[in-house]
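The values are calculated or read from the model by the stated rules, or taken from the named source; none is laboratory data. Quick caveat: nothing in here was measured; it's all calculated off a predicted structure. Ideal geometry is used to build each Cβ from the backbone, glycine not excepted, and the neighbour counts take in all protein chains shown. Side chains are part of the model used for accessible areas, which takes the heavy atoms of the whole protein and leaves out ligands, DNA and RNA. Shrake-Rupley method; radii C 1.70, N 1.55, O 1.52, S 1.80 Å.
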Amino acid sequence: MNNLALKANSITKYFHDPVTMQVLKNIDVSIDKGEFVSIVGKSGCGKSTLLYVLSTMDTDYEGTLEINGITTTGKSLNDLARIRNESIGFVFQFHYLLPDFSCLKNVMIPALRLGKLSHKEIEEKAYEKLKMFGVEEQALKKAGKLSGGQQQRVAIARALVNDPAIIMGDEPTGNLDSKNTNIVFDMFRQLSKEFGQTIIAVTHDEDFAKRSDRIIEMADGEIISAKK
Amino acid sequence: MKISVNTEIALTYLTSRKKQTVVASLGVMFGISMFIFMQSLMKGTNDYFEKMSFTNTPHIKLYNENKVADNHMLRSFFKDESEKILINPKQLSKSQGLTNPFGMVDQIRRLAEVSAVTPQVTGNVIYTSGSVELPGNVAGVQIEQEDKMFDVKGNMISGNLLDLNRIHNSILIGKGIADKLSLHVGDNITVRSGSGNLLIMRIVGIFATTIKQVDETKSYANIAQVQGLLGKDRSYVTEIKVNLINYNNAPAVARQIETITGYKAEDWVKANEQLKAGFKVRAVILNSVIGVILLVAGFGIYNILNMTIYEKIKEIAILKAQGFSGGAVTSIFLQQAVYIGIMGGIVGIVFGFSLTLLVSKIYIGAGTLKYLPMSFYIPHYLQALSFGVITTIAAGYFPARKASKVDPVTIIRG
Ligand SMILES: Nc1ncnc2c1ncn2[C@@H]1O[C@H](COP(=O)(O)OP(=O)(O)OP(=O)(O)O)[C@@H](O)[C@H]1O
Ligand SMILES: [Mg+2]
């Protein structure tokens, strides 16, 4: 039991605007530590919505959520912020960087927030992460001046900087060419295998999904298959 | 130096929007420099008028107030417990002067706060020279004490005030009297009292104050001569004037003197009520102007932060997604307000000081007022800075709180 990175019990969520509709219907899902999971499904089936709930950012749902054995449902916003900062790295569907800051700073900020390492150590670590995704040359450029793919890679580097237990990505390779997609995939693979980090990635890339440990398929707010 | 990540983000936002930051700080700067300038001008003017009022008013004046007769004399005469009733009490005339004045002068002189005490006899007189007559009043004084209190020497335009003690029947007259009667030092002047006594006096000096009415009526003579002129004895004194080391203590010391002597002691605050009323009115005007300026500056900051938050709402969501708490976000935006406030405050202090210095050099040349009286008073600068910072914090607080409430999911979904 202690081996679960994440456990969701009958998660249900409604949207009320413009009309009440149920986006997530009784979702049960357990993900092991070190597992590399892909979530697939048709556009609009609720993948992003589920991911936001699992990331603790969205607290407006029914059901319960446990992360690393701790129930996060009902915790205060500040506690959740702390948990996210420490144990969850998130790559958004539309790679959001802070455009006024350099790429390096963007990657450093979550680590500075966590405050476990010195400024210098954080800087070195951030630089190393940028290097892993081949964007170290852009380190000192303002984030707003990068191409879409470059921004996405910086965003992935940022998600990894605190060595989070869980990395969540909403189409993390959506903007990347096959070469860079492979780099990211290999990196995820390595993180899950060697460092026991859990990867949960929403993707439309069939090949990417097939090569992961497990595919969770969604349709219409429900999980229709979750075989290993 | 280790700065927190919140501070780093706040500073980046400020520097990536230089123009707005500068405009917001300018608002604060303007408010603070105006605050300093106007406070300095007001305090300078008030101090000046206060000082001016001391050139002819003592800090405390002891005199015999006309009052309705009561039974205290009877009581001290009979020294018993029986009740004394006065039938048909009358208004007592002030012309009786003070009883035992020189004893009281000694008593008052012994008070720790007192720096100078002098008795005075004032009498209404008519000055005559040739066929021209002029009404006025003569003050019988001990001229050294009078000089110590009011700097009579500084007002002398000719003659020597110490001749008053050396030359028998001598007098110092105001410049207005001298002009009207065309008299000079060394000339004689006839002084006639209300009781009809007449004295021919030698003019040993002419003085000019800033007040025309005083110069046209007032003269100084030795106390003994005025007593003689009024037909009174050597213990006749109409008032005792007292100056203190610190004039702000006047009301308290006046009460003390009243209890010691039993006479009315009027402090300068009471004697100059209209002056004080003027100070108060000016303070109200000044404070409303400053209030408006700071309000406008505060709105500037509020506006700019609100705009920033509107623009940066996605970034705020990102920060929160990455684990920044509501408090951290509040801190980021409140810090921006505080830095704007501090920047504007420091520049405002420098600017306010320079403006005050510059204006204090403007030549006015009206009467004894040569330059605009400006005060350089450190507490004004500290007040200005704290007002500035308080305004910016108040103005920054609401936008910052709004930012802290941003829900990351709603924003990131778009
Ligand atoms: N804020 C919202 N209010 C109302 N309905 C919403 C809101 N956000 C999403 N939806 C609806 O919820 C459903 C699920 O949306 P979601 O973004 O989770 O889809 P998705 O599976 O991530 O799709 P895609 O692959 O296109 O990203 C969609 O039908 C969408 O229209
Ligand atoms: Mg989506």
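Would you call A:Ser30 more than 20 Å from A:Val202 (Cβ to Cβ), away from ligand 1 (no atom under 12 Å from the Cβ) and open to solvent by 10 Å² or more (accessible area, probe 1.4 Å)? If you could, list the steps in order and put the result at the bottom.
On the way: more than 20 Å from A:Val202 (Cβ to Cβ): no; away from ligand 1 (no atom under 12 Å from the Cβ): yes; open to solvent by 10 Å² or more (accessible area, probe 1.4 Å): yes.
Judged against the criteria, A:Ser30 is not a match.
Does A:Tyr52 satisfy the condition of being surrounded by 19 or more Cβ atoms within 10 Å (Cβ to Cβ) and not in a loop (DSSP other than H, G, I, E, B)?
Yes: the conditions hold for A:Tyr52.
Has the range A:128-146 got at least one residue that is open to solvent by 50 Å² or more (accessible area, probe 1.4 Å), within 16 Å of ligand 2 (Cβ to nearest atom) and of a type outside the set (Ser, Thr, Tyr)?
No: zero hits.
Could you check the range A:200-224 and list, in sequence order, the residues that are within 16 Å of ligand 1 (Cβ to nearest atom) and either farther than 21 Å from A:Leu6 by Cβ or of a type in the set (Gly, Ala, Ser) (or both)?
So in the range A:200-224, the residues within 16 Å of ligand 1 (Cβ to nearest atom) come out as A:200-206, A:208-209, A:215-224.
Of everything in the range A:200-224, those that are within 16 Å of ligand 1 (Cβ to nearest atom) and either farther than 21 Å from A:Leu6 by Cβ or of a type in the set (Gly, Ala, Ser) (or both) turn out to be A:Ala201, A:His204, A:Asp205, A:Glu206, A:Ala209, A:Ala219, A:Asp220, A:Gly221.
So, in the range B:302-349, of the ones that are surrounded by fewer than 20 Cβ atoms within 10 Å (Cβ to Cβ) and without any contact (Cβ under 8 Å) to a residue 40 or more places away in the chain, which residue ends up nearest to the other protein chains (Cβ to nearest Cβ)?
B:Glu311
Determine, yes or no, whether A:Val161 is within 16 Å of ligand 1 (Cβ to nearest atom) and either among the acidic types (Asp, Glu) or touching a residue at least 60 places away in the same chain (Cβ under 8 Å) (or both). Break it down into steps so the answer makes sense when it comes.
Working: within 16 Å of ligand 1 (Cβ to nearest atom): no; either among the acidic types (Asp, Glu) or touching a residue at least 60 places away in the same chain (Cβ under 8 Å) (or both): yes.
Here the answer is no, as A:Val161 does not meet what is asked.
So which of A:Asp220, A:Asp186, A:Asp170 is surrounded by fewer than 19 Cβ atoms within 10 Å (Cβ to Cβ) and either aromatic (Phe, Trp, Tyr) or within 16 Å of ligand 2 (Cβ to nearest atom) (or both)?
On the way: A:Asp186 fails: either aromatic (Phe, Trp, Tyr) or within 16 Å of ligand 2 (Cβ to nearest atom) (or both); A:Asp170 fails: surrounded by fewer than 19 Cβ atoms within 10 Å (Cβ to Cβ).
Sole residue among the options that is surrounded by fewer than 19 Cβ atoms within 10 Å (Cβ to Cβ) and either aromatic (Phe, Trp, Tyr) or within 16 Å of ligand 2 (Cβ to nearest atom) (or both): A:Asp220.
Would you point out which residue out of A:Ser87, A:Ser118 is more than 7 Å from chain B (Cβ to nearest Cβ), polar (S, T, N, Q) and more than 27 Å from A:Asp58 (Cβ to Cβ)?
Checking each option against the conditions leaves just A:Ser118.
May I ask you to list the residues in the range A:1-23 that are within 13 Å of ligand 1 (Cβ to nearest atom), open to solvent by less than 40 Å² (accessible area, probe 1.4 Å) and either within 14 Å of chain B (Cβ to nearest Cβ) or more than 15 Å from A:Gly46 (Cα to Cα) (or both)?
Kept after step one, since they are within 13 Å of ligand 1 (Cβ to nearest atom), are these residues of the range A:1-23: A:11, A:13-23.
If we keep only those that are open to solvent by less than 40 Å² (accessible area, probe 1.4 Å) too, we end up with A:11, A:13, A:23.
Those that are within 13 Å of ligand 1 (Cβ to nearest atom), open to solvent by less than 40 Å² (accessible area, probe 1.4 Å) and either within 14 Å of chain B (Cβ to nearest Cβ) or more than 15 Å from A:Gly46 (Cα to Cα) (or both): A:Lys13, A:Val23.
Being within 16 Å of ligand 2 (Cβ to nearest atom) and more than 29 Å from B:Lys312 (Cα to Cα) narrows it down to one residue among A:Ala201, A:Ala155, A:Ala209, A:Ala226; which is it? Walk me through how you get there before you give the answer.
Details: A:Ala201 fails: more than 29 Å from B:Lys312 (Cα to Cα); A:Ala155 fails: more than 29 Å from B:Lys312 (Cα to Cα); A:Ala226 fails: within 16 Å of ligand 2 (Cβ to nearest atom).
Only one candidate qualifies: A:Ala209.
Please tell me if A:Lys47 is within 16 Å of ligand 2 (Cβ to nearest atom) and over 24 Å from A:Phe195 (Cβ atoms).
Yes: the conditions hold for A:Lys47.
Please go through (1) within 14 Å of chain B (Cβ to nearest Cβ); (2) assigned to a strand (DSSP E or B); (3) not hydroxyl-bearing (Ser, Thr, Tyr) for A:Asn26 and return the number of the only condition it doesn't satisfy.
(1) is the only condition that A:Asn26 fails.
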